[in-house]
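The structure appears below as structure tokens.
The values are calculated or read from the model by the stated rules, or taken from the named source; none is laboratory data. Keep in mind the model is a prediction, meaning the values are calculated, not measured. We place every Cβ from the backbone using ideal geometry, glycine too, and count neighbours over all the protein chains shown. Protein only, heavy atoms only, side chains kept; ligands, DNA and RNA dropped before computing areas. Shrake-Rupley method; radii C 1.70, N 1.55, O 1.52, S 1.80 Å.
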Amino acid sequence: MKQIFIAAMMLLALIRVSAQEGSVTVPADFFGFEPGSDRELFTYEQLISYLQEIDVQSPRIKLEKIGASPMGKTMYIAFISSEENISRLNSLKEINRELALNPDLPEEKLEEMVTSGRTFVLATLSMHSTEVAPSQSAPLVAYDYATTTDPRKLEWLNNVVYMMVPCHNPDGMDLIVENYKKHVGTKYEGASLPQVYHKYVGHDNNRDFVILTQEDSRAIASIYNQTWFPQVMVEKHQMGSTGVRYFVPPNHDPIAENVPAGVFHWGGVFGQHMATDMTADGLAGVAQHYLFDDYWPGSTETCIWKNVIGFLTEAASVQTASPIYIEPSELRVGGKGLSEYKKSINMLLPWEGGWWRLGDIVEYEISSTTSIIKTASLYREDILRFRNRMCREQVEAGKTEAPYYYILPLKQHDRGELVKLVGLMKEHGVRSYTLETDLNLDGRLYQEGDVVIPLAQPFRAFIKEVMETQEFPERHYTPGGELIKPYDITSWSLPLHRNVRSHEIDVRSKKLEASLIPIEGDFKLREPMESMCSALVLNANSNESYRAAFLAMEKGMKVERLKDDLELKDENYPAGSFIVFENSAQKEDWSALYESLPFTPGMISDKRALYGDPLSMPRIALLETYFHDMDAGWTRYLFDTYHIPYKVLHPEDVKGADLAGSYDVLIFPDNDKSILMTGKRKSGDSYYMGSYHPDYVKGMEKEGMEKLMTFSDEGGIIIAWGRSVRLFEGLMKIKKKDAEEEFQLPFSDISAQLSKDGLYVPGSLVKLNLIEDHPLTIGMPQQIGVFTRGRPVFRTSVPMFDTDRRVIGSYPEKDVVMSGYGSNAEKMGSKAAMIWMRKGKGQFVFYGFGPQFRVSTQASFKLLFNAMLLEREE
């Protein structure tokens with residue numbers, strides 16, 4: 001009888017599944033083509049519309065909003081699982097939270113949760129929008145699991161909740177699809193998008209998961225930081241066309257030493273299953289231990305520092321959606337893991353070449369996704385136990401292993417950055433506290449209100465990673481041989497990048513722990529405004545003071561800068577600090593400005609007591625190329641965030657612009673001189689063909705350079721950093737009505753020679769000593785850390801005629817690196833890193849570092865702001 005009942009239930013389930021299959025819209029019917037077809041792409045809106053339709057049609061699909069993109073598109077996550085699991089997502093969510101964050105679960109309760117819990121797998125697709133295949137495969141994956149009658153897949157769905165973010169970068173997806181469709185069928189089919197595929201940061205959206213500046217990054221990060229706490233996460237990418245077909249974990253050295261070994265082991269388990277399953281599916285060219293390291297945080301896989309089994313996959317690309325033919329002789333690899341394109345332990349079945357299509361990538365994506373879901377089902381109980389074990393072990397390590405706490409004193413050079421750091425850590429799921437009383441610890445006095453971040457937390461690895469000074473783990477291909485170089489940067493220490501004092505405490509203190517008060521809600525150091533306040537004094541030491549001053553000017557308020565130091569209530573406001581005056585007609589803006597401050601400013605009731613110079617915003621132009629100009633994009637983001645008005649100029653615009661009549665300041669973010677001048681990339685003495693439509697392969701050319709020199713000659717200010725500085729090196733000419741004047745700014749870039757001599761800085765924080773009492777160093781301490789890749793490095797010379805120069809900042813003679821890695825970094829010792837120059841009435845400010853690098857170097861922001869506010873000579 002029991003067997004008959006079971007058979008009846010199985011038959012009923014099959015009938016329901018069959019009925020469901022017939023009622024779910026087939027992707028090809030919805031889009032008018034099979035996703036993955038040559039030269040066919042759907043937009044983000046079409047993708048979401050399809051998922052919304054099958055959400056209604058299938059009980060195995062549930063679509064939820066998770067946030068918005070920088071351009072305002074709603075972002076979603078699609079939950080794909082069994083009907084039963086979908087119906088109890090809230091209870092499963094609570095299980096995830098307990099497993100992730102509760103180190104004190106009784107064994108009986110843990111086993112109960114393991115029995116009733118499910119493996120949650122988060123997949124984020126196509127964050128890099130030229131890498132279209134993951135998002136284009138999403139409807140096929142969703143349809144398959146919404147309609148499948150395969151008993152194996154049904155079992156997987158019972159054990160797994162697949163959390164698919166169908167597109168990590170909605171703005172970029174639409175930009176890329178629109179650009180592709182514009183050129184498809186023409187000779188420029190596959191031409192690159194002539195801008196970043198994002199509102200601001202383009203490819204660098206995968207560098208944002210420590211600082212969390214972008215709205216889409218925050219929406220994704222909150223899934224594993226704050227809300228759903230998945231146990232597994234995969235980020236799906238594409239790579240170059242002529243190497244391996246597909247990368248799966250494990251990654252290559254170097255790896256993050258703070259991440260628990262088990263996280264890497266589990267990543268390897270998923271990777272090995274993918275390699276095995278994909279090869280069994282007849283998919284060649286799958287590689288492991290290749291190219292991609294797991295050292296730096298900043299990508300979506302920053303989740304691995306938070307006990308999530310996180311990894312990425314990478315597929316070989318086509319020309320967006322256009323097929324390409326690859327000759328066998330064109331297949332090549334190099335560097336980490338594979339030195340020859342041959343069968344090896346890291347690539348057991350090489351792809352032999354031939355046609356490579358979007359449909360091929362989609363097939364690889366579906367196969368890898370199937371393997372991930374299968375593996376998550378197979379090891380469900382082990383994975384759930386592992387998640388809670390990591391929580392318990394990390395909390396215990398925080399109680400038994402140094403360091404035990406980081407203490408951040410309230411008294412900081414820039415209090416605003418302290419407040420923002422605490423807020424950022426909260427967004428990362430890290431708890432912070434304040435001291436209830438003064439405390440003497442290890443010979444140092446800490447005061448009531450100082451911030452404490454204990455390491456006895458589930459996300460201990462992340463806390464330690466972003467709070468400590470980075471020391472790159474040197475690994476070599478052979479003993480004493482070539483260094484295995486990092487894939488990206490080597491420094492990300494939040495206190496050092498922000499110039500926030502932080503003390504690493506290596507002694508556990510019960511007295512300290514008894515004195516901790518949790519920080520609830522938003523951390524602020526702002527008291528209510530005094531009733532008689534008629535002017536605010538904003539300390540120039542703080543980045544937030546500059547932001548507030550820029551906002552005040554945007555709102556039309558009167559702003560001045562102090563001529564001399566001012567003492568108010570035991571706080572010194574240095575010369576150059578801002579005074580913002582109340583306007584009775586702007587009560588609402590005045591109150592909003594005050595409420596936006598993270599600290600209490602100086603308050604004055606008698607305006608006559610203040611002596612300042614009037615301040616107005618300069619007219620700023622920002623040079624941005626069409627060539628996926630991420631550094632310019634980050635600069636735009638910084639300016640928008642700080643309420644700095646600007647206009648974007650492309651290099652060819654310079655030729656026809658009235659620079660002197662329209663702008664006071666021209667800003668050149670890091671870019672190649674040849675792109676700025678000609679619109680073409682250059683290698684040695686040769687230019688090479690790019691992938692852009694000819695309309696965008698244009699530069700300033702000689703005419704534009706003449707315009708720049710005229711702008712300078714008439715009192716304009718030019719600011720540049722990185723490779724862009726080379727525009728202004730060597731002999732230049734100012735074209736005047738009746739003559740040409742030749743001149744040379746008294747500096748040169750010596751970084752090429754230093755590199756030949758062995759200098760190697762792959763992206764590190766180095767020490768910069770600054771001069772005092774100069775307009776460019778207002779609000780700055782004597783030393784900060786700045787981010788550099790070792791170029792440019794300046795040598796100044798004795799000026800001639802009407803030129804002049806000052807070295808504003810230089811590297812110390814020894815012990816140059818503050819955080820990260822530098823080989824032979826002493827060769828930078830005592831060299832100039834920031835210089836001011838004058839030619840006639842024109843001023844130039846050049847940086848050998850990125851003053852706003854990925855908006856993660858808050859310590860050097862003011863060096864850029866002060867340059868923009870230099871007094872122009874008329």
- How do the helices (runs of 4 or more DSSP H) wholly within the stretch 41-126 filter down when requiring 3 or more residues that are among the hydrophobic types (A, V, I, L, M, F, W, C) and over 20 Å from W228 (Cβ atoms): which remain? 44-57
- Would you say M274 is open to solvent by less than 10 Å² (accessible area, probe 1.4 Å) and modelled with pLDDT of 95 or more? yes
- Can you name every residue in the stretch 458-494 that is under 21 Å from L421 (Cβ atoms), among the polar types (S, T, N, Q) and surrounded by fewer than 23 Cβ atoms within 10 Å (Cβ to Cβ)? T469, Q470, S493
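Given the options K511, K587, K524, name the one that is farther than 23 Å from Q447 by Cβ and either basic (K, R) or over 35 Å from the mean Cα position of the chain (by Cα) (or both).
Details: K511 fails: farther than 23 Å from Q447 by Cβ; K524 fails: farther than 23 Å from Q447 by Cβ.
From the options K511, K587, K524, the qualifying one is K587.
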- Note on the structure: Every listed condition ((1) more than 16 Å from K62 (Cα to Cα); (2) surrounded by fewer than 24 Cβ atoms within 10 Å (Cβ to Cβ)) holds for P170 save (2)
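Just to check your reading of the model, which residue among S584, S662 is among the polar types (S, T, N, Q) and out of contact with any strand residue (DSSP E or B) (no Cβ under 8 Å at 6 or more places or on another chain)?
Numbers: S662 fails: out of contact with any strand residue (DSSP E or B) (no Cβ under 8 Å at 6 or more places or on another chain).
From the options S584, S662, the qualifying one is S584.
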- Name the pairs whose Cβ atoms lie under 7 Å apart, with the first residue in the stretch 467-482 and farther than 30 Å from S432 by Cβ and basic (K, R), the second at pLDDT 95 or above and part of a loop (DSSP other than H, G, I, E, B), and 6 or more positions between them or separate chains? R475/I484
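Would you list the helices (runs of 4 or more DSSP H) that sit entirely within the stretch 339-457 and hold 3 or more residues that are among the acidic types (D, E)?
Working: elements: 358-378, 380-400, 415-427.
Answer list for the stretch 339-457: 358-378, 380-400.
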- Message: Return the pair list, or none, for Cβ contacts closer than 8 Å from residues in the stretch 504-532 that are surrounded by 10 or more Cβ atoms within 10 Å (Cβ to Cβ) to residues that are assigned to a loop (DSSP other than H, G, I, E, B) and of a type in the set (V, I, T), at least 6 apart or on different chains.
- Response: S515/T437; L525/T600; R526/T600; E527/T600
- Query: How many residues are open to solvent by less than 20 Å² (accessible area, probe 1.4 Å) and among the hydroxyl-bearing types (S, T, Y) if we restrict to the stretch 437-451?
  - Reply: 1
- Task: Please enumerate the residues belonging to the stretch 290-314 that are in contact with an Asp or Glu (Cβ under 9 Å, 6 or more places away or on another chain), assigned to a strand (DSSP E or B) and crowded, with 24+ Cβ neighbours inside 10 Å.
- Result: D294, G310, F311, T313
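Would you point out which residue out of G763, G715 is buried (at least 17 other Cβ atoms within 10 Å of the Cβ), touching a residue at least 60 places away in the same chain (Cβ under 8 Å) and either in contact with a strand residue (DSSP E or B) (Cβ under 8 Å, 6 or more places away or on another chain) or within 24 Å of S797 (Cβ to Cβ) (or both)?
Only one candidate qualifies: G763.
Out of the residues in the stretch 821-874 that are of a type in the set (S, T, N, Q) and in contact with a His (Cβ under 7 Å, 6 or more places away or on another chain), which is nearest to Y811 (Cα to Cα)? Working first, answer last.
We begin by selecting, within the stretch 821-874, every residue of a type in the set (S, T, N, Q); these are 823-824, 830, 843, 852, 856-858, 860, 866.
Those left that are additionally in contact with a His (Cβ under 7 Å, 6 or more places away or on another chain): 856-858.
Numbers: S856: 20, T857: 17, Q858: 18 Å.
Applying the filter and picking the extreme gives T857.
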- Matching residues in the stretch 752-792 - criterion: being touching a helix residue (DSSP H, G or I) at 6+ places or on another chain (Cβ under 9 Å), assigned to a strand (DSSP E or B) and of a type outside the set (A, V, I, L, M): Y760, S764, G785, F787, T788
- Item | In the stretch 315-337, residue least open to solvent (accessible area, probe 1.4 Å) [restricted to those that are in a strand (DSSP E or B) and hydroxyl-bearing (S, T, Y)] | S322
- Message: Exactly one of these conditions fails for T857: (1) open to solvent by less than 10 Å² (accessible area, probe 1.4 Å); (2) touching a Phe, Trp or Tyr at 6+ places or on another chain (Cβ under 6 Å); (3) more than 24 Å from I211 (Cα to Cα); (4) not aliphatic (A, V, I, L, M). Give me its number.
- Response: (3)
- Query: Here are some conditions: (1) surrounded by 18 or more Cβ atoms within 10 Å (Cβ to Cβ); (2) modelled with pLDDT under 95; (3) among the hydrophobic types (A, V, I, L, M, F, W, C). A621 meets all but one. Which one does it not meet?
  - Reply: (2)
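Only one residue in Y145, Y200 is at pLDDT 95 or above, within 13 Å of the chain's Cα centre (by Cα) and not polar (S, T, N, Q). Which one? Explain how you work it out, then say what you get.
Numbers: Y145 fails: within 13 Å of the chain's Cα centre (by Cα).
Sole residue among the options that is at pLDDT 95 or above, within 13 Å of the chain's Cα centre (by Cα) and not polar (S, T, N, Q): Y200.
Restrict the check to the stretch 242-252 and report whether at least one residue is of a type outside the set (D, E, K, R), at positive phi, open to solvent by less than 10 Å² (accessible area, probe 1.4 Å) and assigned to a loop (DSSP other than H, G, I, E, B). Before you say what the answer is, go through the steps one by one.
So in the stretch 242-252, the residues of a type outside the set (D, E, K, R) come out as 242-244, 246-252.
Retained after the next criterion (residues that are at positive phi): none.
Scanning the stretch 242-252 turns up no residue that is of a type outside the set (D, E, K, R), at positive phi, open to solvent by less than 10 Å² (accessible area, probe 1.4 Å) and assigned to a loop (DSSP other than H, G, I, E, B).
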- Task: Looking only at the stretch 320-337, decide whether some residue is touching a strand residue (DSSP E or B) at 6+ places or on another chain (Cβ under 6 Å) and without any contact (Cβ under 8 Å) to a residue 60 or more places away in the chain.
- Result: yes
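Count, please, the residues in the stretch 70-88 that happen to be out of contact with any strand residue (DSSP E or B) (no Cβ under 6 Å at 6 or more places or on another chain), of a type outside the set (K, R) and surrounded by 18 or more Cβ atoms within 10 Å (Cβ to Cβ). Spell out the reasoning first.
Of the residues in the stretch 70-88, the ones out of contact with any strand residue (DSSP E or B) (no Cβ under 6 Å at 6 or more places or on another chain) are 70-73, 82-84, 87-88.
Remaining after also requiring of a type outside the set (K, R): 70-72, 82-84, 87.
Adding the requirement that they be surrounded by 18 or more Cβ atoms within 10 Å (Cβ to Cβ) leaves 70, 82.
Residues flagged as out of contact with any strand residue (DSSP E or B) (no Cβ under 6 Å at 6 or more places or on another chain), of a type outside the set (K, R) and surrounded by 18 or more Cβ atoms within 10 Å (Cβ to Cβ) within the stretch 70-88 amount to 2.
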- Query: Are any residues in the stretch 215-238 touching a Phe, Trp or Tyr at 6+ places or on another chain (Cβ under 7 Å) and either over 21 Å from G117 (Cα atoms) or free of Cβ contacts under 8 Å to residues at least 24 places away in the same chain (or both), and if so, which ones?
  - Reply: S217, A221
- Could you list all residues from the stretch 796-834 that are open to solvent by 30 Å² or more (accessible area, probe 1.4 Å), closer than 16 Å to N769 by Cβ and in a loop (DSSP other than H, G, I, E, B)? E813, K814, D815, S830, K831
